[in-house]
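Encoded as structure tokens, the structure appears first; notes follow it.
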Amino acid sequence: MRFNIVKHRKWWFTLSSVLVAASLISIFMYGFNFGIDYTGGTILDLRFSRPVTVAEVRDVVDSSQMNLESSVIQLSGVTDQESSQDVMIRMRNLSSDESGALTAALNQKLGGAEVKRTESVGAVIGAEVTKNAVMSLAVAFLALAAYISFRFEYKIAISALVSILHDLIMVLGVFSFFQLEIDSSFLAAVLTVVGYSMNEAVVIFDRVRENTRTHRRTDTYEQLAADSIAQSIHRSLYTLTTVLLACGSLHFFGGESTKNFSLVMLIGFISGAYSSICVDTSLWVVWKNHAGRERGSQTPQEATET
């Protein structure tokens, strides 16, 4: 017997409400760990001759008398969870003299500190990057809203945009709760997730539109949506499996710099498939049923005739 996804829409609405509420609470309580691309600052990427711990590096950084107590120190590369030869330090903007003095102190007290990378971004540039990121996301939303409204109807457009917003909140909630760094690649990954979510919504609603013309007069919106999902779900699952394999490989076997980028897509793709199949179609059914009761038409064919 086929599982009717739309029939159990209260489950999906409850689950999504809990996840969205938890994500929003995390965002308002903890905020985000913005990288230097957005806030300005200096990143010092070091390789030591021996594995060192975060506590050892912290002692040297805090005792440097450069007001670096708020610096973020992370182990990278191959670690044993407690120590690593590769360490990344994110701190306030440092001059070249300050950066050299800190490297010398680390080299003297911990031994063999080789600088692999030094990056500095000014606060003005960081503010400009933030502004451009918000503008890009807003333009993408408006373009998608215009496209899907033109291709389908405004009820479908709003349902699809609600599911996309749901996916973005899921990603932001995870990054806020675990205080993962949001860097310049984050926006590219988010826009990829938006495109994927919209594609999944278009596939299902395109099937809904086709089935509206061919289904029986007695079929309800729930039956129409359930049949449309059943006809397209295998394609959605195959697509999801393919992209998860690619992103999973990038996350688990790729370099340190791609982990957060691939994690955004892993979370977003899973949430996008779930929301497109379970949330936005169910939202559309609820909306159409409510509108149908007001007009006295309970089926898609009756609504079309009126």
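Charges on Cβ only, +1 for Lys and Arg, -1 for Asp and Glu, centred on the Cα centroid of the chain; of THR214, SER271, PHE261, which one is farthest towards the dipole's positive end? Farthest towards the positive end: THR214.
Scalar couplings 3J(HN,Hα) for segment 180-193, obtained by applying the Karplus form with A = 6.51, B = -1.76, C = 1.60 to θ = phi - 60°, are 6, 6, 9, 10, 5, 7, 4, 4, 4, 5, 5, 5, 5, 4 Hz; x denotes Gly and Pro. Helix 96-110 versus the longest principal axis of the chain: what is the Cα-based angle in degrees, 0 to 90, to the nearest 10? So the inclination is approximately 80 degrees. Between amide H atoms placed 1.01 Å from N, distances below 5 Å from LEU94 occur with THR42, all of them 5 or more places distant or on a separate chain. Over segment 136-262, one equal point on each Cα, no solvent: what is log10 I(q)/I(0) by the Debye formula at q = 0.13, 0.14, 0.21 Å⁻¹? Log10 I(q)/I(0), no solvent term: -0.65, -0.74, -1.27. For the chain, with all protein chains in place and a probe radius of 1.4 Å, 62% of the accessible heavy-atom surface sits on carbon or sulfur. Summing Cβ point charges (Lys, Arg +1; Asp, Glu -1) relative to the Cα centre of the chain gives a dipole of roughly 1300 debye.
The angle between the Cα long axis of helix 123-151 and the main principal axis of the chain comes to about 10°, on a 0 to 90 degree scale. Put simply, the amide H of SER76, placed in the peptide plane, has neighbours under 5 Å in ASP86, VAL87, MET88, leaving out anything fewer than 5 places away on its chain.
For the chain, the longest principal axis of the alpha carbon atoms and the long axis of helix 259-274 meet at an angle near 10°.
Computed on the chain, with alpha-carbon pairs under 8 angstrom and 6+ residues apart, the relative contact order is 24 percent. The alpha carbons of segment 22-122 give a radius of gyration and a Dmax of 14.4, 46 Å, in that order. Rg and Dmax of segment 253-292, based on Cα coordinates, read 16.5, 53 Å. Taking all protein chains into account, the per residue accessible area for the chain stands at 51 Å² (1.4 Å probe).
The values are calculated or read from the model by the stated rules, or taken from the named source; none is laboratory data. Computed from a predicted structure; not experimentally measured. We place every Cβ from the backbone using ideal geometry, glycine too, and count neighbours over all the protein chains shown. For accessibility, only protein heavy atoms count, side chains too; no ligands or nucleic acids. Shrake-Rupley method; radii C 1.70, N 1.55, O 1.52, S 1.80 Å.
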